[in-house]
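Visitor: Submitted below is the structure of interest, expressed as structure tokens.
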């Protein structure tokens, strides 16, 4: 009897373990996949729309979506040509293949792209998505459904806005990197580490878009020359539509209000009574934001403390060893920063775009007011236009360089 019971247990154990041996039954070699590294999205021109083939639908046989047709430009890795080390002599083959397709929706365009590729498309290595400004202003919500449903899309992929057509970014050949998509993605990642832009990736964009008290923002890029790309500002949104952009220096102002500690921007400040300028660069910041109700209306108090350095002075007549001159520079810097903050906040209020997340402060710290008077994101966008602010900026210059004369 005990022998039979032991045999039954062994048989049951084998029955449980055998299915685990088939764990690689659906594996696929990387060479058998078409790995998409980057995607650019533009509004399709009239000429490009006529190139659409009957792949996902028959012409004039289905209800046409209200949105304009889009052009998707994809950068696909060429198997065996992605460099893994120093460039070898004679390695002139292109590491990526660039293909353009059109479609009524993002999924429609991907289906059309698959029709031109022998291997199965794989989006697990997608590093960056570039949307043209025209596409961003028309709304990003039409792409969110496909991107959020697709389990292959990494939430850490970058999403950026381009001044030019997004297809140009897929064809550009940067001199500092042999793989264009990696250069674009590293550009966005390194800007954050250098204090030039707040952390930005597609998962964070969706999180902010879904919040009730904040509107999203994205990096705004522009091509300079033949192969250089510049961060030319911050594109900000009202809902899913881009409604404006900042200049590059205002990115640092935005980061200060948001409370992002690391500094990365410098600006010329005129020394009072000297008619000369010095270059003051922010090293770090501390921001305190307090929300209250003033006469029953939302009011925000912002206090920012800057730790800064003087990187350069315009002439030798400015004696940085003089504490009185340093104090004047600190006060002039604080005054300039305060004026820049007020200007940026007013511009976002006109566009009903609370990219700073003040609404989240009210929702978290004054829940009774929020639940009674706001409740929805649309209502907060209306209220945000009339929010009042009290801004205080203190600048401390703690290093002026090794030579002050």
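Visitor: Give me the tail of P(r) for the stretch 271-345 as a percent: Cα-Cα pairs with distance above 16 Å.
Guide: Details: 1641 of 2775 pairs.
Pairs farther apart than 16 Å: 59 percent.
Visitor: Still on this structure, I have one more. What FRET efficiency comes out for residue 155 versus residue 390 if R0 is 45 angstrom and r is the Cβ-Cβ distance? Round to the nearest 0.05. Display every interim value, and only then the final one.
Guide: Values: r = 37 Å, r/R0 = 0.82.
Given R0 = 45 Å and the Cβ-Cβ separation, E is 0.75.
Visitor: So for the stretch 250-399: antiparallel DSSP bridges make up what percent, rounded to the nearest 5? Numbers along the way, then the final one.
Guide: Values: 23 of 34 bridges.
In the stretch 250-399, DSSP labels about 70 percent of beta bridges as antiparallel.
Visitor: Using the 10 angstrom Cβ neighbour count as an exposure proxy, how do 395, 156, 287, 376 rank, fewest first?
Guide: Details: 395 22, 156 12, 287 17, 376 9.
Ranked by crowding around the Cβ, least crowded first: 376, 156, 287, 395.
Visitor: With only alpha-carbon atoms in the gyration tensor, what are the semi-axes of the equivalent ellipsoid for the stretch 126-267, in Å, largest first? Provide the component values of the computation, followed by the final result.
Guide: Working: eigenvalues 88, 81, 43 Å².
Result for the stretch 126-267: semi-axes of 21, 20, 15 Å.
Visitor: Per 10 Å bin, what is the whole-percent P(r) computed from every C-alpha pair distance within the stretch 250-399?
Guide: 10, 37, 27, 16, 8, 2, 0
Visitor: For a protection proxy built on the mean count of beta-carbon atoms within 10 angstrom, sort 219-227, 163-171, 256-264 highest first, please. Show your work: numbers first, answer last.
Guide: On the way: 219-227: 16.1, 163-171: 20.0, 256-264: 18.4.
The densest-packed peptide leads the list: 163-171, 256-264, 219-227.
Visitor: Quick one: 384, 265, fewest Cβ neighbours within 10 Å first, how do they rank?
Guide: Details: 384 23, 265 17.
Final ranking by Cβ density, sparse to dense: 265, 384.
Visitor: Once you have the alpha carbon radius of gyration of the stretch 163-212, what is it after dividing by 2.2 N^0.38 Å, with N set to its residue count?
Guide: Working: Rg = 13.4 Å, N = 50, 2.2 N^0.38 = 9.7 Å.
Compactness ratio reported: 1.38.
Visitor: OK, next. Please report how far the C-alpha centroid of the stretch 353-398 lies from that of the stretch 264-295, rounded to the nearest whole angstrom.
Guide: 21 Å
Visitor: Can you give the Rg/Rh ratio of the stretch 259-298, where Rg is from the C-alpha atoms and Rh is the Kirkwood radius?
Guide: Details: Rg = 16.7 Å, Rh = 13.3 Å.
When Rh is taken as the Kirkwood radius, the ratio is 1.26.
Values in this text are rule-based calculations from the coordinates and carry no lab data. No experiment lies behind these values; they were computed from the predicted model shown. Cβ atoms come from the backbone with ideal geometry, glycine included; neighbour counts cover every protein chain shown.
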